[in-house]
Amino acid sequence: MAEDTQDDFKNTATPKSGVLSLAIKEKAALYAAYMPFLKGGGLFIPTSKPFNIGEEIFMLLSLVDDPMKLRVMGHVVWVTPTSQAGKPQGVGVQFSEKDGGLEAKNKIEALLAGALKSSRPTHTM
């Protein structure tokens, strides 16, 4: 589950921005969270913190064995308010085309390589 590192992040572009820290330690978990069908990519982040569609989120991502955290901006495009049909509660965040989004997308897709075409279920589909 994502750690809520800060309740509100000051930003003049939107009235409220969330800050989430997420550590994905296994490729299977990364596969389940990644949303390649979104333009620019995105992640499903399990969290009980309430978010709204369109809300801006700043993420600190740790991926698999990489000790370096990625700083990524994105927007909420998917909300699962409570656990439904075996899917966890959380939000889907589309990466920004800048502000770390392209770097995160490229890194995730390199880590997942051939697994992206798998038919295994994910947290979203």
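The values are calculated or read from the model by the stated rules, or taken from the named source; none is laboratory data. Just so you know, these numbers come straight off a predicted model, no measurement behind them. Here Cβ is always computed from backbone atoms with ideal geometry, including for glycine, and neighbour counts include all displayed protein chains.
If I ask for residues that are of a type outside the set (A, V, I, L, M, F, W, C), touching a helix residue (DSSP H, G or I) at 6+ places or on another chain (Cβ under 7 Å) and surrounded by fewer than 17 Cβ atoms within 10 Å (Cβ to Cβ), which ones from segment 54-112 would you list?
The first filter runs over segment 54-112 and keeps only residues of a type outside the set (A, V, I, L, M, F, W, C), leaving 54-56, 62, 65-67, 69, 71, 74-75, 80-84, 86-90, 92, 94, 96-101, 103, 105-107, 109.
From the residues that got through so far, the ones that are touching a helix residue (DSSP H, G or I) at 6+ places or on another chain (Cβ under 7 Å) too are 74, 109.
The answer is 109, and nothing else.
For segment 56-65, how many residues meet the condition of being more than 16 Å from residue 101 (Cβ to Cβ) and of a type in the set (D, E, K, R)? The number of residues fulfilling the criteria is 1. For segment 53-88, a residue qualifies if it is part of a loop (DSSP other than H, G, I, E, B), farther than 15 Å from residue 34 by Cα and of a type outside the set (D, E, K, R), and the qualifying residues are 53, 54, 67, 68, 81, 82, 83, 85, 86.
Pairing each residue of segment 17-45 that is closer than 16 Å to residue 99 by Cα with any residue that is in a loop (DSSP other than H, G, I, E, B) and of a type in the set (Asp, Glu), provided the two are 6+ apart or on different chains, yields C-beta distances under 6 Å for 40/97. Listed by first and then second residue, the pairs linking a residue in segment 63-86 that is under 18 Å from residue 112 (Cα atoms) to a residue that is modelled with pLDDT under 95 and aromatic (Phe, Trp, Tyr), with Cβ atoms under 6 Å apart and 6 or more places separating them unless they lie on different chains, form an empty list.
Which residue is nearest to the chain's Cα centre (by Cα), if the candidates are limited to segment 32-47 and must be in a loop (DSSP other than H, G, I, E, B) and under 14 Å from residue 106 (Cβ atoms)? Before you say what the answer is, go through the steps one by one.
Taking segment 32-47 as the starting set, the residues that turn out to be in a loop (DSSP other than H, G, I, E, B) are 35-41, 47.
Next, only the ones that are under 14 Å from residue 106 (Cβ atoms) stay: 36, 40-41.
On the way: 36: 11, 40: 12, 41: 9 Å.
Restricting to residues being in a loop (DSSP other than H, G, I, E, B) and under 14 Å from residue 106 (Cβ atoms), the top hit is 41.
Please verify whether residue 105 is of a type in the set (D, E, K, R), more than 16 Å from residue 30 (Cα to Cα) and not in a strand (DSSP E or B), treating the condition exactly as stated. Taking the combined requirement at face value, the residue does not satisfy it.
Taken over segment 63-98, the criterion of being modelled with pLDDT under 85 and at positive phi is satisfied by 85, 86. The numbered conditions (1) on the phi > 0 side of the Ramachandran plot; (2) at pLDDT 90 or above are all true for residue 43 except (1).
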